[in-house]
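Student: Supplied in structure tokens, the structure appears directly below.
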Amino acid sequence: PPNLITTLINMALTPGTVDEPMYAGQASVQTFLLLIAFVSVPWLLFAKPMYLRYRHHADVALRNQPPSAAVADDRLIHRDAEPGPSEGHSHGNSHGEGEEFEFGEIVIHQAIETIEFVLSMVSNTASYLRLWALSLAHTELATVFWENAMLSALNTGNAFTIVCGYAVFAAVTFGVLLAMDVLECFLHALRLHWVEFQSKFYKADGYRFQPFSFQAILDKTMLE
């Protein structure tokens, strides 16, 4: 079967080239996905500031309409403007909100967020390559155990030596590949899931977990 990790690496390093295709037109699909990833960067950088600028100019133009036209758009005006005791006070608040809009500040803020997102995406994706390195290490360890323990015993032709070699091979394979390395892969995958994956949406802005306890409730009641 094709090596999935190698395919993903070559997708970025050698776009348009597929050594082990899994389906027809795979090279075109990978190139298209890579182009979408590159186009997403300027989209993240300019889409939100331009949309906020458009909304700001639309609101300013709407507030500067004559009173007769503003009455027709009363629902749109009250959607963004804060309620005031009079129409003049409401118009003053709208003017203050318009002065607070800084397009350059929004662009700088969005640029910082875009840079952080792109860097985190690249670093998080590259961090998952450690699983690929572990798979290569496991392959080499299995080859070493097979050649030095089992294959050497088979070449002797002695039944007792073959049984002893198999016992050593089975014990080392279970202890290293099936126990220690599986635990190592589990810890790496857990770390990747917690740090790289959950960092996209986990904010840690909640409250501390307090397990349910009757003793804590009774102590609190006694203090009160």
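Student: Going by what's in this entry, would Q210 be described as polar (S, T, N, Q), at pLDDT below 85 and in a loop (DSSP other than H, G, I, E, B)?
Tutor: Answer is yes for this residue.
Student: Further, regarding this structure: Can you find, within region 11-64, the residue that is farthest from F117 (Cα to Cα) among those that are open to solvent by 40 Å² or more (accessible area, probe 1.4 Å) and of a type in the set (S, T, N, Q)?
Tutor: In this case the residue turns out to be N64.
Student: Looking at (1) in contact with a helix residue (DSSP H, G or I) (Cβ under 8 Å, 6 or more places away or on another chain); (2) farther than 23 Å from Y128 by Cα; (3) at pLDDT below 80, can you tell me which one P49 breaks?
Tutor: (3)
Student: Can you tell me how many residues in region 187-201 are more than 13 Å from Y128 (Cα to Cα) and loosely packed, with under 11 Cβ neighbours inside 10 Å?
Tutor: Count: 2.
Student: Let me ask something additional. Of these, A216, A204, A179, which one is out of contact with any helix residue (DSSP H, G or I) (no Cβ under 8 Å at 6 or more places or on another chain) and on the phi > 0 side of the Ramachandran plot?
Tutor: The unique qualifying residue is A204.
Student: For the list (1) of a type in the set (A, V, I, L, M, F, W, C); (2) in contact with a Ser or Thr (Cβ under 8 Å, 6 or more places away or on another chain); (3) at pLDDT 80 or above, I need the number of the one condition that I5 fails.
Tutor: Unmet condition: (3).
Student: Cβ-Cβ distance below 7 Å, separation of 6 or more or different chains: which pairs start in region 31-60 with a residue that is β-branched (V, I, T) and end on one that is open to solvent by less than 100 Å² (accessible area, probe 1.4 Å) and not in a helix (DSSP H, G or I)?
Tutor: T31/P15; T31/G16
Student: A189 - would you say it is small (G, A, S) and modelled with pLDDT of 85 or more?
Tutor: no
Student: From M22, M11, which residue is assigned to a helix (DSSP H, G or I), touching a helix residue (DSSP H, G or I) at 6+ places or on another chain (Cβ under 8 Å), modelled with pLDDT under 85 and within 30 Å of A133 (Cα to Cα)?
Tutor: Result of the check over M22, M11: M11.
Student: Give me the pairs: first residue in region 184-200 and aromatic (F, W, Y), second residue open to solvent by less than 70 Å² (accessible area, probe 1.4 Å), beta-carbon distance under 8 Å, and six or more apart or on different chains, which are they?
Tutor: Sorted first by the residue in region 184-200, then by its partner, the pairs are F197/N124.
The values are calculated or read from the model by the stated rules, or taken from the named source; none is laboratory data. In this text the structure is predicted, and so the values were computed from the model without any measurement. Neighbour counts run over all protein chains shown; Cβ positions are idealised from the backbone, glycine included. For the accessible areas, the whole protein counts, side chains as well, though only heavy atoms, and no ligand, DNA or RNA atoms are used. Shrake-Rupley method; radii C 1.70, N 1.55, O 1.52, S 1.80 Å.
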